[in-house]
1. Would you calculate the separation in nanometres between label points at Glu168 and Ala142, each defined as 7 Å from the Cα along the Cα-to-beta-carbon direction?
2. In percent, what relative contact order does the chain have, based on Cα pairs under 8 Å that are 6 or more apart in sequence?
3. Using the Kirkwood radius over Cα pairs, work out the Stokes-Einstein diffusion coefficient for the stretch 5-167 at 10 °C and 1.306 mPa s, in µm²/s as a whole number.
4. Hey, fewest Cβ within 10 Å first, where do His67, His130 land in order?
5. How many nm is it between the label spots at Val160 and Asp101, if each spot is 7 Å from the Cα in line with the beta carbon?
6. Among 69-75, 27-33, what's the highest-first ranking by average C-beta atoms within 10 angstrom per residue?
7. Applying 1/(1 + (r/R0)^6) with R0 = 30 Å to the Cβ-Cβ distance of Ser87 and Ser111, what FRET efficiency is obtained, to the nearest 0.05?
8. For Val96, Val121, Val165, what ranking results if the residue with the fewest other Cβ atoms within 10 Å of its Cβ goes first?
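Read-outs: derived from the displayed coordinates by stated rules, not from any lab. Please read these numbers as outputs of a predicted model, since none were measured by experiment. Note that each Cβ is placed from the backbone with ideal geometry, even for glycine, and that neighbours are counted across all protein chains shown.
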Amino acid sequence: MIYPPDMLDILQSARASAWSGTVYRHMFGSYPPARSNTTGARWNDTNLEAIYTSCERETALAEAEYHIAMQPLRPRAKRTLYTINVSLKNVLDLTVPGLLDQLGITADVLSSTDHTPCRTVGGAVNWLGHDGLLVPSARRIAGTNLVIFQQDLSTTEFEVTAEEVVAEDARL
């Protein structure tokens, strides 16, 4: 894909740095927490694998509840919330006030079900060589998500430190 030069200029001027911290990841059934999204989501298209995590426990649960609420029936699979220590070498921080607006990602775009504008930004971030990006949550005010683009986790710290079953059966 060819990315708009003005978008690339904005992204290249944004703050990028190493990032280490604790994140949370909600998973259904027996899927492992390091499983990449390969079907496309808000910040990745189908040709770019991504691991979606949240910087706050409450944000991870809010993101999961949103997706569960969209289903005609609540899933009955076991739901697990993983606590993970992550260390990445080159993360772009898109939580800086006004930065997403410069990229055309307004609050309405962020909360929309049309992920095309966000996917374009995510693809450009990955194309520029970043292994992740910090973005505001569309589901929780003051929540932050860390999207990891590095598919080879062997060079990244990705250590599960805890797991909590949040539901054995969503009917409970």
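1. Each label point lies 7 Å from its Cα, and together they span 3.5 nm.
2. Reported as a whole number, the value is 33 percent.
3. So the translational diffusion coefficient is about 99 µm²/s.
4. With the sparsest Cβ surroundings first, the list reads His67, His130.
5. Spacing of the two 7 Å Cα→Cβ label points: 4.1 nm.
6. Listed from highest to lowest mean packing, they are 27-33, 69-75.
7. Rounded to the nearest 0.05, the efficiency is 0.50.
8. By the 10 Å Cβ count, ascending, the order reads Val165, Val96, Val121.
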